[in-house]
1. I'm checking my understanding of the structure. Among residues of region A:99-112 that are surrounded by fewer than 17 Cβ atoms within 10 Å (Cβ to Cβ) and without any contact (Cβ under 8 Å) to a residue 12 or more places away in the chain, which one is nearest to the chain's Cα centre (by Cα)?
2. Of all residues being surrounded by fewer than 21 Cβ atoms within 10 Å (Cβ to Cβ) and either more than 10 Å from chain B (Cβ to nearest Cβ) or in a strand (DSSP E or B) (or both) in region A:314-340, which is modelled with the lowest pLDDT? Just the residue, please.
3. Of the residues that sit in region B:280-298 and are more than 13 Å from B:HIS260 (Cβ to Cβ) and in a loop (DSSP other than H, G, I, E, B), which one is nearest to the other protein chains (Cβ to nearest Cβ)?
4. Between residues in region A:113-124 that are away from every other protein chain (no Cβ under 13 Å) and residues that are at pLDDT below 80 and surrounded by 13 or more Cβ atoms within 10 Å (Cβ to Cβ), which pairs lie under 8 Å by C-beta distance while being six or more apart or on different chains?
5. Given the conditions (1) buried (at least 21 other Cβ atoms within 10 Å of the Cβ); (2) more than 14 Å from every other protein chain (Cβ to nearest Cβ), report the number of the one that B:ASP272 does not fulfil.
6. Based on this model, can you work out whether B:THR129 counts as under 21 Å from B:LEU18 (Cα atoms), at pLDDT 70 or above, in contact with a helix residue (DSSP H, G or I) (Cβ under 9 Å, 6 or more places away or on another chain) and part of a strand (DSSP E or B)?
7. Could you tell me which numbered condition B:ILE290 fails, if it satisfies all but one of (1) at pLDDT 90 or above; (2) over 23 Å from A:GLU339 (Cβ atoms)?
8. Output the qualifying pairs, or none if there are none: Cβ atoms under 9 angstrom, residues six or more apart or on different chains, first residue in region A:333-346 and of a type in the set (Phe, Trp, Tyr), second residue surrounded by 12 or more Cβ atoms within 10 Å (Cβ to Cβ) and part of a loop (DSSP other than H, G, I, E, B).
Amino acid sequence: MGFKRKKGDGEGEEMESEVRGRPSFNTAERRNVILPSMIKNKDKRAKVYAKQKHEKKVEKQKKIKARDAAEKQALELGEEPPQKMVPKTIENTREADETVCRPDDEELFADIDADEFNPVLRREVTPKVLITTCRFNSTRGPAFISELQSVIPNSDYRKRGTYDLKKIVEYAKKKDYTSLIVVHTNRREPDALLIIGLPNGPTAHFKLSNLVLRKDIKNHGNPTSHEPELVLNNFTTRLGNRVGRFFQSLFPQEPNFRGRRVVTFHNQRDFIFFRHHRYIFDVKEDKQSGAKGKDAVAKQRVKPRLQECGPSFTLKLVTLQHGTFDTKGGEFEWVHKPEMDTSRRRFFL
Amino acid sequence: MPRVISNETYGCPPIRALTFDSLGLIKVTEARGKERGTPIVVNTWGEPNASRCVLAASMDDRLSNPLLAVARKDGNVEVRNPCNGDLHFAYSVFGDDGSPPEDDDEISGLHLFRKQKDDHTERSCTLLTFMKKGDVSLRTVQFPDARDDSTDDAAPPKSWKACASGELLVGKVDGTENFGLFGGKRVEVNIWDLEQCTKIWSAKSPPKDNLGIFTPTWFTCAAFMSNDDHRKFVTGTKSHQVRLYDVSAQRRPVLSFDFHETAITAITEDPDGHTIYVGNASADLASFDIRTGKLLGNFLGKCSGSIRSVVRHPQHQVIASCGLDRYLRVYDVKTRQLISAVFLKQHLTGLVFDSGFSGEEIAVANTEVDAETEETMEQEGDEEENEDETEEEAPVKKKKSKKEKRSREKVSEGEEIDEVRSKKKTRDHKKKTKKVKHIQQD
């Protein structure tokens, strides 16, 4: 009885609708179709199913061939090739979000001017970051922290001891730090990242996963101490904009392009992927190979090459609090609630 | 134009809400029409400026001459006309020089009185403002009049200090406007008689619990339970507790219960006297029956930011909430469903309903405004407020040539939609100078 809904081609649909058990309009056809799951004999069943799969595969290959042939023919004839079909992805079909930042929004710019990161982003204050951990440190923790220190320029590490986080915030404020990062570990693995903007900036709590340290990356590069360039991808909504600026405020605002070092925060489906690369532009000679062998013109193409260095991990925003860290009394600007996950195509960042 | 999300089953009853945000903008959201339309933002007043962040607001939405008082972060208190945003009057609580005496002191709240004390009713209003450091000031201001040039207040402002130490965060005036309630961080709730400026009652904190832990007092919001009884009120605390106090019974709270785990940020009462709506810092909004302390239900509306303000419409069965997630949400009271949500782009700090709005579909009437009042904080002598015409006729269609220039407004569409009442409720709108109510349109 249970059958998987097959994303069939147009031809298969007719068969499917019968198979679904709906009052069929064509009883003659119904009798001909036998589902493999209705056959009790395993041997026979396997054979029928394999045959069905093979038929489907052949069908699909025929379609692809026909499509390619049509395109080639159209190109040869000089006509326009038939339009390429674009597959629907979740990003394509994302629910339209009205909080997306628009370029013509004056209130957005005013809000940006007034928010907490503005002094840093306007280069009035240089960012100074304090990194610490939760109370119990772990196996991978120190390695991760030392890598973070190499990624973020102008950062210091202090051992946690048993200080209250609120006291640490005050200490950092006194010493003029602009942000505080707390790496939280769980089961001997770094698990969450708490980034607190100072003096009274927002607090973002991220869930950290999929951490790969530098030593585990094949052919990794070694980061230098030049200021990195920042790439922030896909932070479109207002909330995303705020988080993006938060990340921006961790790094100094004068990237050293000669250092060829880039740090990327790529947001996709509410997961933020952190990568750290060094890049280099290669000039390659590209001999045009093909039918016209005699006039091979050597074209020069510039190709960038990337070498990954430093840690790579993914973050997911759990909560964004309005002031500094204060669980009991703090106000949340954004908190994830299960009732918000009603649609697979709805994202917040 | 910000878009809205609306639930298809319910439409929104005709409401008009004014929201205040952290950049000092005042936005007017209306839902018009008998057929239950969706709310849309019709107007935005003000220029975005973070130092003019609105900290508190209060509205007197009577039918004639409604007033809206707005308190801002830079110490200015403005009295405006809620129909078109025009500034009637503004003054600074920090004195005439306008600079705060110490850093940190800011207005915690204000209340605009509804009853009139003097005979020049149309030109004056009474405001109660209280500051974080504890100064409470009760002041009658007169609108400047074009006719006489003297602009002195009727009486010097009465002021007193409501708390010696700690911060004053909560203040409410009861329905009869004789009593005021103040409380805050390390300040127990007090009730003051506003005529004599004396404290008549103060609360006592609940005893230590059995572990010996004493939670420090920190009240974040309060509401009187009913309009004619000043004795019962509910408060919300920073330690996620809702407390009901009865002045005539005892000094300790009569009933107290916990609500989730974050600070309670907004609380309001229902006109039926026994239901309250509570919103907290992690975006939960719920209604409780205060007689028993039982939770009636949660309002699920995918709210994700701390709720700064909850108001219940006095006539319709709707409740609206606004908060740090930049949305204004309207819910139905009986079914607790979200009716609609309007995206308002900034962190919202306050919300009031304009209950004199009937939302009928009428022809667009453009008001003719004589422009000069630009955005200055000084008192302009141009406005004539005492033209108190009452219109008894049915909605009169007015169409005049539009001569716009509103002070400090960014009129999003080109037109001004004026609400004109039907026969029963009449309300006139303060129009500048030329009154053309009887001019029929061409």
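The values are calculated or read from the model by the stated rules, or taken from the named source; none is laboratory data. All values derive from a computational prediction rather than experimental measurement. Backbone-built Cβ (ideal geometry, glycine too); neighbour counts: all protein chains shown.
1. Selected residue: A:ARG102.
2. Ranking the candidates gives A:PHE325 first.
3. Ranking the candidates gives B:GLY293 first.
4. That search, which allows pairs on different chains as well, returns nothing.
5. Going through the list (1) buried (at least 21 other Cβ atoms within 10 Å of the Cβ); (2) more than 14 Å from every other protein chain (Cβ to nearest Cβ), B:ASP272 breaks only (1).
6. Details: under 21 Å from B:LEU18 (Cα atoms): yes; at pLDDT 70 or above: yes; in contact with a helix residue (DSSP H, G or I) (Cβ under 9 Å, 6 or more places away or on another chain): no; part of a strand (DSSP E or B): yes.
No; evaluated as a whole, the condition is false for this residue.
7. Only one criterion in (1) at pLDDT 90 or above; (2) over 23 Å from A:GLU339 (Cβ atoms) is unmet by B:ILE290, namely (1).
8. Filtered contacts from region A:333-346: A:TRP334/A:PHE348; A:TRP334/B:ALA283; A:TRP334/B:SER304; A:TRP334/B:GLY305; A:TRP334/B:LEU324; A:TRP334/B:ASP325.
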